[in-house]
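Trainee: Mind looking over this structure? Questions follow.
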Amino acid sequence: MDYQLGWNSNVWMGVLLLGFFATSAGAPRAMAAPAKGMTTASSYFVYVGTYTGPTSKGIYGFRFDPKTGQFTSTGLAAELPNPAWLVTDPQHRFLYAATEMGPEPGADNYKKNGSISSYSINPKTGALTFLNKVDAGGGGSCHLVVDKMGKMLFVANYGSGNVASFAIKADGSIGERTGFDQHTGSSIDPARQTGPHAHEVVLSPDNRFLFVPDLGMDQIKVYRVDAAKGTFTPNDPPFATVKAGLGPRHFTFGRGAKFAYAICEMGSSVVVFAYDPAKGALTPLQTISTLPSDFKGEDNSAEIEVGRSGQFLYASNRGSDSITVFAIDPIKGTLTKVQVVPTQGKIPRNFAIDPTGKYLVAGNQKSDQMVVFDVDQNDGQLKPAGQVVDAPAPVSILFVPAD
C-alpha cells in the first residue's frame, strides 16, 4: 500500500479446458478456462469496490455480457466507506467487503479502525442486502478471502500488521473471531518498513495453507489452516523471504500449484517460487522487473493474476500506469516479459480477468474509470477493446455469475 497512491486520492473447481496445450514450438496455445470456482455463465454481475470521497459512495454494480465484453451500470449497490476489497463465498450467495480506513492526522487509530461487512446477493438482480458488520481485529483492512468450504473468512490488516479469521454463519453473516496472529518485525526502508504490514490473504488450492505477503517485513507468512476448528497456526517453515526492500504485496498460484508468484510493490518486481504442497513451503527461483526497460520514474506495483489458460501472468504498475504480460515457462515456472501495455489511465491499483479469460478489466483509481482489454488467446497479449467504463476510484473488481 502506498499512502499517496491510496489515501490521498480518494476464483479450481473441476472444469474442462477448451482447446489443447501446445506440445511443440508454434503449436496453438490452450484456450482460456473459466475462473477458479466459477463455471461460465451467460451473464455476470460485476461489483466494484472504491475509495470513497467526493465522487464515490461505496460499492458500484454492473452487468457484464461475456459474449460482447460490454458493461452496463446498475448504479450504487451499497453505501459503505472505502470498500477496498470484495469477495464472495464459493457459491456466490454472499459478498464480503473490507473497509480500509487510512491514518488520520494526529490520531492513533490506524491499527484498530478496520471492519468487514457482509451482504446477501440477489441471484436474479444482483441487489445487495446488508447482513452485518464486524470489527476486523485491526486497522487498514485491505484484503479478504473465504475458504473453499465457505465456513471461514480471513482478513489482512495492513495498518496493524495482523491477520484474523472469522466464522461464517449459515445465513452468510460474519460470526465470531476464531483466529488471530500479530506479525512482528521490520525491514530496511525507514519510511515504509518500520513495522509489519500484512497485505493479502491467499489460500492454497487444497485449503490447507494460508499465505500472507507482509510488505513491512519482506516476507510471505505461511500458516496451516484447521478448517474443522476454524483456526490457523504458523507453518513449519513459517515464512519465505524476498530481497530486502522489495515489499511483497500480492500473491498467486500458477496453474497446478507447482509454482507461486508474489508481486512486490516497492521493488516493482515479481518473485517466482517453487511450491511444495505437502509442506506449504516456498523456494525462490527468480525475481524479474515488471517495468518497461526505459522507465525512470517512481512506481509501486499492485496487482497480479495468472490468466485462465495458466500460460500467462499479468501484473499492474502504478506510476508506469501499465500492465505487464509475462509468459510462464510450463516446466520451470519462470517468467519472460512479452508486453507492457498502458492502462489508458492513472494508478491501476486493481485489475480482473473475466471468467471466460477473454477480457481483462483495469481499474484506474485516479482516473475514475475501468478500461477493457481483449486478451489474445494465443500469445496472452492485451489490446484495448475500445470500452472505457465510468467508475469512481475503482480499487476492487469482482465478477459473480448471474442466474
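Trainee: Looking only at the stretch 386-403, how many residues end up being of a type in the set (S, T, N, Q) and surrounded by 24 or more Cβ atoms within 10 Å (Cβ to Cβ)?
Mentor: 1
Trainee: Same structure, new question: Keeping to the stretch 283-306, report how many residues are surrounded by 23 or more Cβ atoms within 10 Å (Cβ to Cβ) and of a type in the set (Gly, Ala, Ser).
Mentor: 2
Trainee: Hey, another quick one. Residue check: is Lys337 of a type in the set (Lys, Arg), farther than 27 Å from Pro90 by Cα, over 16 Å from the mean Cα position of the chain (by Cα) and open to solvent by 30 Å² or more (accessible area, probe 1.4 Å)?
Mentor: Yes.
Trainee: Let me ask you something else. Quick one: which of Leu86, Leu95, Leu80 is of a type in the set (A, V, I, L, M, F, W, C), more than 30 Å from Ser309 (Cα to Cα) and either surrounded by fewer than 23 Cβ atoms within 10 Å (Cβ to Cβ) or modelled with pLDDT of 95 or more (or both)?
Mentor: The unique qualifying residue is Leu80.
Trainee: Here's another thing I want to ask about it. From the list Lys229, Lys243, exactly one residue is open to solvent by 30 Å² or more (accessible area, probe 1.4 Å) and in contact with a Ser or Thr (Cβ under 7 Å, 6 or more places away or on another chain). Which is it?
Mentor: None of the other options fit; the residue is Lys243.
Trainee: Any residue at all in the stretch 313-320 that is over 26 Å from Val87 (Cβ atoms) and assigned to a strand (DSSP E or B)?
Mentor: There is no residue in the stretch 313-320 that is over 26 Å from Val87 (Cβ atoms) and assigned to a strand (DSSP E or B).
Trainee: What's the total number of residues in the stretch 52-77 that are aromatic (Phe, Trp, Tyr) and either touching an Asp or Glu at 6+ places or on another chain (Cβ under 9 Å) or at pLDDT below 95 (or both)?
Mentor: Here the count works out to 2.
Trainee: Which residue out of Lys346, Lys358, Lys383 is within 23 Å of Phe253 (Cβ to Cβ) and surrounded by fewer than 20 Cβ atoms within 10 Å (Cβ to Cβ)?
Mentor: Selected residue: Lys358, the only one of Lys346, Lys358, Lys383 that is within 23 Å of Phe253 (Cβ to Cβ) and surrounded by fewer than 20 Cβ atoms within 10 Å (Cβ to Cβ).
Trainee: Identify the residue in the stretch 247-296 that is modelled with pLDDT of 95 or more and acidic (Asp, Glu) and, among all such residues, is nearest to Leu144 (Cα to Cα).
Mentor: Once the filter is applied, the top-ranked residue is Glu265.
Trainee: Inside the stretch 228-265, can you point out the residues that are touching a strand residue (DSSP E or B) at 6+ places or on another chain (Cβ under 7 Å), aliphatic (A, V, I, L, M) and either part of a loop (DSSP other than H, G, I, E, B) or under 11 Å from Leu215 (Cβ atoms) (or both)?
Mentor: Val242, Leu246, Ala262, Ile263
Trainee: Only residues that are in a loop (DSSP other than H, G, I, E, B) and open to solvent by 40 Å² or more (accessible area, probe 1.4 Å): list them for the stretch 49-67, please.
Mentor: Pro54, Thr55, Lys57, Lys67
Trainee: Over 26 Å from Phe312 (Cβ atoms) and of a type in the set (Lys, Arg): is that true of Arg255 in this structure?
Mentor: no
Trainee: Does Gly37 satisfy the criteria of being at pLDDT below 75 and within 19 Å of Gly126 (Cα to Cα)?
Mentor: yes
Trainee: Okay, moving on. Kindly indicate which of Lys229, Lys243 is modelled with pLDDT of 95 or more, out of contact with any His (no Cβ under 8 Å at 6 or more places or on another chain) and of a type in the set (Lys, Arg).
Mentor: Lys243
Trainee: Could you tell me whether the stretch 111-129 includes any residue that is open to solvent by 30 Å² or more (accessible area, probe 1.4 Å), touching a Pro at 6+ places or on another chain (Cβ under 7 Å) and either under 24 Å from Gln219 (Cα atoms) or in a loop (DSSP other than H, G, I, E, B) (or both)?
Mentor: no
Trainee: When you look at Asp368, is it open to solvent by 20 Å² or more (accessible area, probe 1.4 Å) and on the phi < 0 side of the Ramachandran plot, yes or no?
Mentor: no
Trainee: Now, a different point. Just name the residue that is least open to solvent (accessible area, probe 1.4 Å) out of those in the stretch 145-203 that are of a type in the set (A, V, I, L, M), within 17 Å of Phe239 (Cβ to Cβ) and part of a loop (DSSP other than H, G, I, E, B).
Mentor: Within the stretch 145-203, the match that is least open to solvent (accessible area, probe 1.4 Å) is Val201.
The values are calculated or read from the model by the stated rules, or taken from the named source; none is laboratory data. In this text, all values refer to a predicted model and were calculated from it rather than measured experimentally. Cβ coordinates were reconstructed from backbone atoms using ideal geometry, including for glycine residues, and neighbour counts include every protein chain displayed. For accessibility, only protein heavy atoms count, side chains too; no ligands or nucleic acids. Shrake-Rupley method; radii C 1.70, N 1.55, O 1.52, S 1.80 Å.
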